[in-house]
Amino acid sequence: MRITSAKTFTVGNPWKNWVFVRLETDEGVYGVGEGTANAFAETIATAIHELEDTYVGLDPTQVELLAERMHRDVYTDGGQIHRAALAAIEIACWDILGKSVGKPVHALMGGRVRDRVRVYANGWYQVERTPEAMAAAARGVAAKGYTALKFDPFGDTSRTVTPDEEALAIDLIEAVRDAIGPRVDLLVEGHCRFGVAQAIRFAKRMAPSNPLWFEEPVPHQDPDSVVEVALHSPVPIATGESFASPKSFAALLRRGGVRIWQPDPMHLGGLWPTRNVIAMADASDIAVAPHSAAGPICSAVCLQLAACSPNLFIQELFDEFNQGWTREIVDQHLETGADGHLSVSDRPGIGIDLDWERLGEHPARRGNRIRLFERGWELRRSVDDD
């Protein structure tokens with residue numbers, strides 16, 4: 001079997017354009033992949049085609065060789081953009097491999113260790129930034145059956161925080177905790193907004209609300225700062241979603257202190273490097289919670305990883321809080337059960353396919369990206385909607 005071509009599709013989810021690929025072979029079996037980042041959808045799609053000479057003509061089941069040709073042999077480190085382009089092809093190759101042998105990907109990566117995966121809700125807080133509105137939205141999430149939810153209470157904060165902004169953030173955390181009660185886990189997102197001192201201060205102030213973790217409170221590019229916060233925080237620190245290389249996780253491991261890792265298959269280059277990071281974490285008794293803030297293919301990929309990872313902590317899920325049409329472009333969308341879990345599918349490959357004809361109904365727009373340092377970003381609207 002040989003790869004003959006890659007067809008790319010950029011789809012206009014309002015808060016982040018999605019990049020999908022359909023990888024064709026000479027035997028008629030095709031694979032689906034995704035290479036979404038927060039921005040640069042058109043750039044990533046172009047990179048997928050620009051790298052065609054590294055994968056067209058290759059056997060799609062030789063995934064490791066393909067990845068080396070797309071990354072090492074290019075001898076240019078393109079960061080998240082490069083890795084996202086690689087991920088789209090790499091994931092599609094795993095999909096082809098699974099389909100060709102009639103097995104789900106998790107069966108090819110050691111076999112599943114669980115039939116159901118606990119998930120936490122994200123993207124649910126598209127409401128006015130007041131304690132009352134956030135509390136009402138959080139109650140709705142818990143009523144859907146979710147046993148955990150995450151949100152960023154910090155508005156457009158960056159680096160410095162006024163007393164009023166600090167007070168409001170803590171009020172929001174306390175309001176959400178009161179709304180969901182003590183038996184639903186609360187996760188707090190930091191989006192790399194703070195310096196070390198402010199991050200530790202917030203961690204101490206939010207601690208009475210018993211967050212499951214405080215995510216990326218300081219910039220991920222400085223692992224020493226991340227570790228310093230982790231060593232002084234009463235709330236566990238989670239990080240890793242933005243790392244574009246397994247080597248970044250190895251560097252974090254050497255420093256110690258961070259016991260929750262969040263590898264993202266889009267940023268790391270696909271399934272196999274993410275599975276390798278998960279194994280690295282497992283060897284050091286570190287829990288993993290794969291980051292999944294892209295499209296439905298990414299969600300399906302993370303479910304495959306969650307199924308076969310013994311050190312899985314919990315899995316992120318946006319799908320139920322995206323616009324309705326996002327569930328119509330897939331042949332099987334993900335919905336949680338009454339107890340906040342997803343069932344693991346035994347469908348071959350990554351377990352999902354797209355309605356290719358309908359993708360064109362939702363074209364990408366350059367205004368579609370999340371703008372974390374602008375007021376009202378949590379509403380997750382495209383600038384083209386204004």
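The values are calculated or read from the model by the stated rules, or taken from the named source; none is laboratory data. Owing to the predicted nature of the structure, the values given are computational and were not obtained by experimental measurement. A quick note on method: Cβ atoms are made from the backbone with ideal geometry, for glycine too, and the neighbour counts reach across all protein chains shown.
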Reported set for region 166-191 where residues are more than 21 Å from the chain's Cα centre (by Cα), buried (at least 22 other Cβ atoms within 10 Å of the Cβ) and under 11 Å from Ala142 (Cβ atoms) is Val176
So, of the residues in region 329-341 that are part of a loop (DSSP other than H, G, I, E, B), free of Cβ contacts under 8 Å to residues at least 40 places away in the same chain and of a type outside the set (D, E, K, R), which turns out to be surrounded by the fewest Cβ atoms within 10 Å (Cβ to Cβ)?
Gln332
Against the conditions (1) on the phi > 0 side of the Ramachandran plot; (2) surrounded by fewer than 21 Cβ atoms within 10 Å (Cβ to Cβ); (3) in contact with a Pro (Cβ under 9 Å, 6 or more places away or on another chain); (4) not polar (S, T, N, Q), where does Gly257 fall short? Just the number, please.
(3)
Quick test for you: out of Asp339, Asp282, pick the one residue that is at pLDDT below 95 and not basic (Lys, Arg).
Asp339
If you scan region 301-321, which residues turn out to be part of a loop (DSSP other than H, G, I, E, B) and over 22 Å from Asp95 (Cβ atoms)?
Pro310, Asn311, Phe313, Ile314
When you check Cys298 against the structure, is it assigned to a helix (DSSP H, G or I) and over 20 Å from Ala41 (Cα atoms), yes or no?
no
Quick check, is Val227 hydrophobic (A, V, I, L, M, F, W, C) and in contact with a Lys or Arg (Cβ under 8 Å, 6 or more places away or on another chain)?
yes
Taking the residues in region 350-368 that are within 16 Å of Phe40 (Cβ to Cβ) and modelled with pLDDT of 95 or more as candidates, determine which candidate is surrounded by the most Cβ atoms within 10 Å (Cβ to Cβ).
Asn368
Check region 103-126 and report whether any residue there is under 21 Å from the mean Cα position of the chain (by Cα) and hydroxyl-bearing (Ser, Thr, Tyr).
yes
Run Gly367 past the list (1) within 27 Å of Leu271 (Cα to Cα); (2) of a type outside the set (D, E, K, R); (3) outside the structural domain of Arg116 (by TED's automatic domain parsing); (4) touching a helix residue (DSSP H, G or I) at 6+ places or on another chain (Cβ under 6 Å) and report the number of the one that doesn't hold.
(1)
I need a count of the residues in region 323-336 that are within 24 Å of Ile180 (Cβ to Cβ) and modelled with pLDDT of 95 or more.
0
Pick out the one residue from Glu128, Glu165 that is outside any helix (DSSP H, G or I), free of Cβ contacts under 8 Å to residues at least 12 places away in the same chain and over 20 Å from Gln315 (Cβ atoms).
Glu128
Thr326 vs. criteria outside the structural domain of Ile96 (by TED's automatic domain parsing), in a loop (DSSP other than H, G, I, E, B), over 13 Å from the mean Cα position of the chain (by Cα) and among the β-branched types (Val, Ile, Thr):
no
List every residue pair whose Cβ atoms sit under 6 Å apart, with the two residues 6 or more apart in sequence or on different chains, where the first one lies in region 342-362 and is assigned by TED's automatic domain parsing to the domain that holds Leu271 and among the β-branched types (Val, Ile, Thr) and the second, anywhere, is surrounded by 14 or more Cβ atoms within 10 Å (Cβ to Cβ) and assigned to a loop (DSSP other than H, G, I, E, B).
Val344/Arg112
Restricted to region 42-54, and to residues that are of a type outside the set (Asp, Glu) and within 25 Å of the chain's Cα centre (by Cα), which residue is farthest from Phe20 (Cα to Cα)?
Leu51
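Matching residues to (1) of a type in the set (D, E, K, R); (2) crowded, with 23+ Cβ neighbours inside 10 Å; (3) touching a residue at least 60 places away in the same chain (Cβ under 8 Å):
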site: Thr4; (1), (2), (3): no, no, no
site: Lys7; (1), (2), (3): yes, no, no
site: Pro14; (1), (2), (3): no, no, yes
site: Gly28; (1), (2), (3): no, no, no
site: Ala39; (1), (2), (3): no, no, yes
site: Thr46; (1), (2), (3): no, no, no
site: Leu51; (1), (2), (3): no, no, no
The condition from (1) surrounded by fewer than 24 Cβ atoms within 10 Å (Cβ to Cβ); (2) on the phi < 0 side of the Ramachandran plot that Ala289 misses is numbered (1)
